[in-house]
1. Looking at 39, 87, which is the one that is closer than 24 Å to residue 5 by Cβ and either exposed (fewer than 14 other Cβ atoms within 10 Å of the Cβ) or in contact with a strand residue (DSSP E or B) (Cβ under 6 Å, 6 or more places away or on another chain) (or both)?
2. Name the single residue, out of those in the range 79-89 being touching a helix residue (DSSP H, G or I) at 6+ places or on another chain (Cβ under 7 Å) and in a helix (DSSP H, G or I), that is nearest to residue 43 (Cα to Cα).
3. Any residue at all in the range 58-75 that's in a helix (DSSP H, G or I), over 13 Å from residue 128 (Cβ atoms), at pLDDT 95 or above and touching a strand residue (DSSP E or B) at 6+ places or on another chain (Cβ under 9 Å)?
4. Go through the range 8-36 and give me each residue that's surrounded by 13 or more Cβ atoms within 10 Å (Cβ to Cβ) and in a loop (DSSP other than H, G, I, E, B).
5. Between 21, 30, which is over 16 Å from residue 124 (Cα atoms), in contact with a helix residue (DSSP H, G or I) (Cβ under 8 Å, 6 or more places away or on another chain) and touching a residue at least 12 places away in the same chain (Cβ under 8 Å)?
6. Residue 110 fails exactly one of the following numbered conditions: (1) under 21 Å from residue 135 (Cβ atoms); (2) free of Cβ contacts under 8 Å to residues at least 60 places away in the same chain. What is the number of that condition?
7. Does the range 90-101 include one or more residues that are out of contact with any strand residue (DSSP E or B) (no Cβ under 6 Å at 6 or more places or on another chain), touching a residue at least 60 places away in the same chain (Cβ under 8 Å), surrounded by fewer than 20 Cβ atoms within 10 Å (Cβ to Cβ) and assigned to a helix (DSSP H, G or I)?
8. Name the residues in the range 102-136 that are closer than 21 Å to residue 50 by Cα and either part of a loop (DSSP other than H, G, I, E, B) or over 12 Å from the mean Cα position of the chain (by Cα) (or both), would you?
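The values are calculated or read from the model by the stated rules, or taken from the named source; none is laboratory data. It should be emphasised that the depicted structure is a prediction, and the values quoted were computed from it without experimental measurement. Here Cβ is always computed from backbone atoms with ideal geometry, including for glycine, and neighbour counts include all displayed protein chains.
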């Protein structure tokens, strides 16, 4: 198996509400029943073809593609109000280059917003999942 056959696992910090919305999204799109324990953080890569990984790869790819629009829609002020102890780590799997692109965009947004990454990741993912739940995920 080559590196091209595997997704890279990476973590994002999100509020409990966004984590729950992400879990619902993965249940609806990939049948993931227990998102909290779905990805093993001791594994750095996940094989292509894993339903949950395929779903998060599409999600992260959409995030990268739609980042500017999601940034405009994101409720950064709401995310700033989340207690710093209330963020949890959510794992996503995606193509390694897509992961790099997503990290770069999140970092740039954090710099522009003068906010930490968890605030930005929560706000952007919340905007994406709000679209997905409304049936409009950009497709």
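1. That would be 39, the only listed residue that is closer than 24 Å to residue 5 by Cβ and either exposed (fewer than 14 other Cβ atoms within 10 Å of the Cβ) or in contact with a strand residue (DSSP E or B) (Cβ under 6 Å, 6 or more places away or on another chain) (or both).
2. Result: 86.
3. Filtering the range 58-75 for residues in a helix (DSSP H, G or I) gives 58-65, 67-73.
Then drop every residue that is not over 13 Å from residue 128 (Cβ atoms), which leaves none.
Within the range 58-75 (the criterion being in a helix (DSSP H, G or I), over 13 Å from residue 128 (Cβ atoms), at pLDDT 95 or above and touching a strand residue (DSSP E or B) at 6+ places or on another chain (Cβ under 9 Å)), the answer is no, since none of the residues qualifies.
4. 32
5. 30
6. (1)
7. no
8. 132
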